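Report on the following structure.
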Amino acid sequence: MRQNVGSVTSWCRASHPLPVLAVTAVTALLAVAWGHAAGGVLLLTAAVLTGQLSVGWLNDLVDADRDREAGRDDKPLARGELSRTAVRRAVVATAGVSALLTLLAGWPAAAAHLAALGSAWAYDLGGKSRAWSPACYAVSFGLLPAFVVLALPGAPWPPLWLVAGGALLGCAAHFLNVLPDLAEDAAAGVRGLPQRLGAARSRAVAAGLMLGACASLALGPVVGGGAAAEA
């Protein structure tokens with residue numbers, strides 16, 4: 001029986017395109033800011049892009065039954081536009097390509113990026129329903145700038161303010177992303193920390209995390225050094 005491979009549009013929608021593009025764009029900007037040559041920028045960007053595609057498709061693969069029961073018309077996999085087999089193969093393929101590209105950046109950088117991807121996959125595979133759900137975002141977003149810095153010649157250690165800012169920003173994004181889906185998540189039994197706190201407290205937590213991230217990224221280079229210009 002022929003598997004439904006779907007259209008390009010279906011694949012794009014199933015990948016969670018906005019987060020994929022946002023994280024990839026941030027990686028490219030960080031790589032340029034920290035002094036990577038053009039080849040390095042392309043390598044890091046491609047590694048992160050393929051990794052993020054695997055994360056997005058895995059998310060929809062894990063949630064396919066829940067999305068179908070909820071009548072999510074915006075989910076190609078739940079609508080039958082894509083087959084589970086095709087999406088599963090795409091997850092494995094993009095994860096493999098991302099790992100190979102990451103290894104080309106050197107072992108220290110590869111360790112950081114693979115740990116970040118592992119944390120993102122852990123969120124998809126059940127972390128989203130745990131009280132420690134923000135930890136997945138903290139690890140993944142904190143290690144993303146570390147990946148960029150460690151990929152520089154000599155693998156310099158990333159400054160703490162940069163890692164902390166990324167982690168705080170990632171946690172804030174987690175709380176904000178979940179807010180529109182709180183009712184659907186409750187009906188589906190998803191019980192991450194934002195769902196447990198509720199809308200009002202999640203908004204307050206997100207605001208505090210955003211302030212912390214801005215303070216870290218704005219004041220860190222002044223107080224702790226390690227600005228891009230010094231890389």
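The values are calculated or read from the model by the stated rules, or taken from the named source; none is laboratory data. All values reported here derive from a predicted model rather than from experimental measurement. Note: ideal-geometry Cβ built from the backbone for every residue, glycine included; neighbour counts use all protein chains shown. Just so you know, the surface numbers come from the protein's heavy atoms only, side chains and all, with ligands and any DNA or RNA stripped out. Shrake-Rupley method; radii C 1.70, N 1.55, O 1.52, S 1.80 Å.
Details
- In this structure, R191 does not qualify as open to solvent by 30 Å² or more (accessible area, probe 1.4 Å), assigned to a helix (DSSP H, G or I) and among the charged types (D, E, K, R).
- Close Cβ contacts (under 7 Å, 6 or more residues apart or on different chains) running from residues in region 29-45 that are over 11 Å from A105 (Cα atoms) to residues that are of a type in the set (G, A, S) and open to solvent by 30 Å² or more (accessible area, probe 1.4 Å) comprise A33/A228; W34/A228; W34/A231; G35/A228; G35/A231.
- Of the residues examined, G166 is one that is under 21 Å from P19 (Cβ atoms), touching a residue at least 24 places away in the same chain (Cβ under 8 Å) and touching a Leu at 6+ places or on another chain (Cβ under 7 Å).
- Residues of region 150-160 that turn out to be open to solvent by 40 Å² or more (accessible area, probe 1.4 Å) and either touching a residue at least 40 places away in the same chain (Cβ under 8 Å) or not small (G, A, S) (or both), as a count: 4
- Qualifying residue in region 133-149 (condition: in contact with a helix residue (DSSP H, G or I) (Cβ under 9 Å, 6 or more places away or on another chain), open to solvent by 60 Å² or more (accessible area, probe 1.4 Å), modelled with pLDDT of 95 or more and under 20 Å from R191 (Cα atoms)): yes
- Selection status of A164, in contact with a helix residue (DSSP H, G or I) (Cβ under 8 Å, 6 or more places away or on another chain), under 25 Å from V97 (Cα atoms) and open to solvent by 30 Å² or more (accessible area, probe 1.4 Å): no
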